[in-house]
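What follows is a single structure, written as structure tokens, with notes after it.
The values are calculated or read from the model by the stated rules, or taken from the named source; none is laboratory data. Note that the coordinates shown come from a computational prediction; the quantities given were computed from them, not determined experimentally. When we count neighbours, we look across all protein chains shown, and the Cβ atoms used for this are built from the backbone with ideal geometry, even at glycine.
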Amino acid sequence: MATMNYKEVSAIARKRRQANISAYYKVPQTDVASLPNNLTEYALKSSYYDAPELEIIESEAPTILENIKTRKWSALEVAKAFCKASAFAQELTNCLTEVLYPEAMERAQYLDDYLARTGKTLGPLHGLPISLKDSFITSPHPSSIGMSRWANEPTNKDAVMVNILRSLGAIFYCKTNIPTAMMMAETNNNVWGECINPLHKKLSPGGSSGGEGALIAFKASPLGVGTDIGGSIRIPAAWCHQYGLKPSFGRFPVTGGKPSIPGQEFILAVNGPMSRSLESLQIYCSAVLSAEVSPWQFDHKSLPIPWRKNMIQPAGRKLRLGFIGAHDGLVHVQPPVQRALDTTQKALEEAGHEIVNWSVELHEIIVKNLVASFYDLGGTAITELLTPFEEPIFPAMQGYTIAAKAELNVSQMRSKVIQRNELQQKYLDAWNATATDDKGPMDGIIMACSPWAAPRLGATQKDFYVGYTGVFNFLDFCACTFPVTFADKSVDVPRDMKSFHQLSEIDGRIQSDYDAEFYHGAPVSLQLAGRRLEEEKVLEMVEVVADVLKQAGVK
């Protein structure tokens, strides 16, 4: 049987999505071009929601869970509110792929009945709507990962993480948009189309968990789950002004998900939570990694490490934080990000925390190895799935087409592994060398998540750069984003390009692209990284930093 063209595949998938939404909600048809930049504010002030719905969707996970537990809200009315919000989010941002409303409402009713019958919640996530990146398999729904090959193919077995979250009481109601093969820093593909940032409609929500970032920023999800192989959680979380945890490999189950490059384990893909609330991430992690759940019993690559508390010892001590400022050795940050870095450093120092100026000496070679590995290992794996459907290759993915013409041999692969291991050890040795006679090594590293606060739509097609986040994937360190501020045209003035010394051609283009008027209102976030398997400590450190910024009045 002849293979369909990608346009035919897309038409079928989009028709299914629209039908599944229309069966439940009549969403106002809106010309997005005529709306203000901040689509989230527009939606919240529109007449689309009633007062009870607004109260629900503007609440964070801790409040939702408590109100369901005390029966102030039913799980069903919460599920309906977020389903309704997700329908509007789809209309304005194109953030959804699969729609799971019938299952969500059936599950919510079951949980309400269970609570009424037993007087107890099913688990710590009882009734919480959780959105999932498209790569998480929720059978029988397709898991396209932005490719025609999978867009309309039913699945038959849920991912391990999906089963675990369901056992904890979570409700799944939608899956979210991604870039082709989940291998771009913005969310666009030939099946579902381009997703835009609800906090600034002319900007990208990031990738590859960009649909998650957009949905959460729209307040149509209290908590979502994304994946990260080069920044795919942290880039969308940062560009959509939220917290996003990229764990080390082994902390969370990965079995049963749809990978971008099947069979490659040179750079390990992980999954983690995203939310506007740091406490929501902490609730998620402690629930999934509890001794009662023991996910390592169901995923052979999960490590038997239950979630720990109070990892900063002695409690309340000041932190020692490495700091990477204006650039990472290859690309400078744009002015709003520079201000966020300066503001954060000043607030931390004034609060008594120690800042260590961290060298980026190893970053350039790490980033080059990271990007080369994606192309070398993903070339044929990705292009051979696109070609039969005549799918155009996005400019940011041309490297895969080139790499597909010459696959690595065994000797070359061994050489790559040796160099990776050496670089990982060098970085750890440098970290440990920050110890002094009376102080241990630094606790973490704070740096930008990308050169942009959030780039204009399509910008990363020409200037693809994930070095700020990808370095920690290469090292298998854990990291979490945190919101800082918003771009302000009155203070974030462009650099003087006549005196600016660019580190690379892409550096010059990214700086030249900055327009204070255009980027006004763009969300600005940073990330904090810890060593491998220090997820608990990272979230505790982020909480410290967030409190310092709050006390300093940073907005």
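Any idea which residue in segment 268-304 is surrounded by the most Cβ atoms within 10 Å (Cβ to Cβ), counting only those that are touching a Gly at 6+ places or on another chain (Cβ under 7 Å) and more than 24 Å from V544 (Cα to Cα)?
S302
How about segment 437-555: which strands (runs of 3 or more DSSP E) wholly inside it have at least 1 residues that are farther than 28 Å from I312 by Cα?
Correct list: 478-486, 523-530.
Does Q29 count as under 22 Å from the mean Cα position of the chain (by Cα) and either assigned to a helix (DSSP H, G or I) or at negative phi (or both)? Walk me through how you get there before you give the answer.
Details: under 22 Å from the mean Cα position of the chain (by Cα): no; either assigned to a helix (DSSP H, G or I) or at negative phi (or both): yes.
It is false that Q29 is under 22 Å from the mean Cα position of the chain (by Cα) and either assigned to a helix (DSSP H, G or I) or at negative phi (or both).
If a residue has to be in contact with a His (Cβ under 8 Å, 6 or more places away or on another chain) and among the aromatic types (F, W, Y) to count, how many in segment 444-483 make the cut?
Residues that pass the stated criteria total 0.
Do the conditions hold for G325, that is, is it in the same structural domain as S525 (by TED's automatic domain parsing), touching a helix residue (DSSP H, G or I) at 6+ places or on another chain (Cβ under 9 Å) and farther than 19 Å from Y243 by Cα? Walk me through it before giving the result.
Values: in the same structural domain as S525 (by TED's automatic domain parsing): yes; touching a helix residue (DSSP H, G or I) at 6+ places or on another chain (Cβ under 9 Å): yes; farther than 19 Å from Y243 by Cα: yes.
Yes: the conditions hold for G325.
Would you check if there is a residue in segment 89-110 being in contact (Cβ under 8 Å) with a residue 60 or more places away in the chain, touching a Phe, Trp or Tyr at 6+ places or on another chain (Cβ under 8 Å) and at positive phi?
Checked segment 89-110: at least one residue is in contact (Cβ under 8 Å) with a residue 60 or more places away in the chain, touching a Phe, Trp or Tyr at 6+ places or on another chain (Cβ under 8 Å) and at positive phi.
(1) farther than 30 Å from Y42 by Cα; (2) surrounded by fewer than 18 Cβ atoms within 10 Å (Cβ to Cβ): which one isn't true of P102, the others all being true?
So the condition that P102 fails would be (1).
Okay, residues lined up against (1) among the aromatic types (F, W, Y); (2) touching a strand residue (DSSP E or B) at 6+ places or on another chain (Cβ under 7 Å); (3) crowded, with 24+ Cβ neighbours inside 10 Å:
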residue: G210; (1), (2), (3): no, no, yes
residue: D228; (1), (2), (3): no, yes, yes
residue: F249; (1), (2), (3): yes, yes, no
residue: V254; (1), (2), (3): no, yes, no
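Among the residues of segment 169-206, how many are assigned to a loop (DSSP other than H, G, I, E, B) and either without any contact (Cβ under 8 Å) to a residue 60 or more places away in the chain or among the polar types (S, T, N, Q) (or both)?
Here the count works out to 9.
Can you pull out every residue in segment 387-436 that is in a helix (DSSP H, G or I), surrounded by 15 or more Cβ atoms within 10 Å (Cβ to Cβ) and among the small types (G, A, S)?
A396, G399, A403, A430
Condition check ((1) surrounded by 24 or more Cβ atoms within 10 Å (Cβ to Cβ); (2) touching a strand residue (DSSP E or B) at 6+ places or on another chain (Cβ under 7 Å); (3) in the same structural domain as I171 (by TED's automatic domain parsing); (4) not hydroxyl-bearing (S, T, Y)) across all residues:
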| residue | (1), (2), (3), (4) |
| --- | --- |
| D50 | no, no, yes, yes |
| A61 | yes, yes, yes, yes |
| K69 | no, no, yes, yes |
| V78 | yes, yes, yes, yes |
| A85 | yes, no, yes, yes |
| L115 | no, no, yes, yes |
| G119 | no, no, yes, yes |
| G123 | no, no, yes, yes |
| K133 | yes, yes, yes, yes |
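Please indicate, with yes or no, whether at least one residue in segment 507-530 is of a type in the set (S, T, N, Q), at negative phi, at pLDDT 95 or above and in contact with a helix residue (DSSP H, G or I) (Cβ under 7 Å, 6 or more places away or on another chain).
yes
Within segment 1-26, track down each residue that is in contact with a helix residue (DSSP H, G or I) (Cβ under 8 Å, 6 or more places away or on another chain), at pLDDT 95 or above and either among the β-branched types (V, I, T) or part of a loop (DSSP other than H, G, I, E, B) (or both).
N5, V9, I12, I21, A23, Y24, Y25
Considering only segment 146-158, how many residues are in contact with a Pro (Cβ under 8 Å, 6 or more places away or on another chain) and either among the aliphatic types (A, V, I, L, M) or in a loop (DSSP other than H, G, I, E, B) (or both)?
7
Quick one: which residue in V484, V491, V466 is out of contact with any Gly (no Cβ under 8 Å at 6 or more places or on another chain), at pLDDT 95 or above and within 22 Å of M274 (Cα to Cα)?
V484
Pairs only if they're at least six apart or on different chains, beta carbon under 8 angstrom, first in segment 405-433 and more than 21 Å from H363 (Cα to Cα), second surrounded by 14 or more Cβ atoms within 10 Å (Cβ to Cβ) and hydroxyl-bearing (S, T, Y); list them, first residue then second.
E407/T380
Within segment 99-110, does at least one residue satisfy the condition of being among the polar types (S, T, N, Q) and under 13 Å from A220 (Cβ atoms)?
No, segment 99-110 has no match at all.
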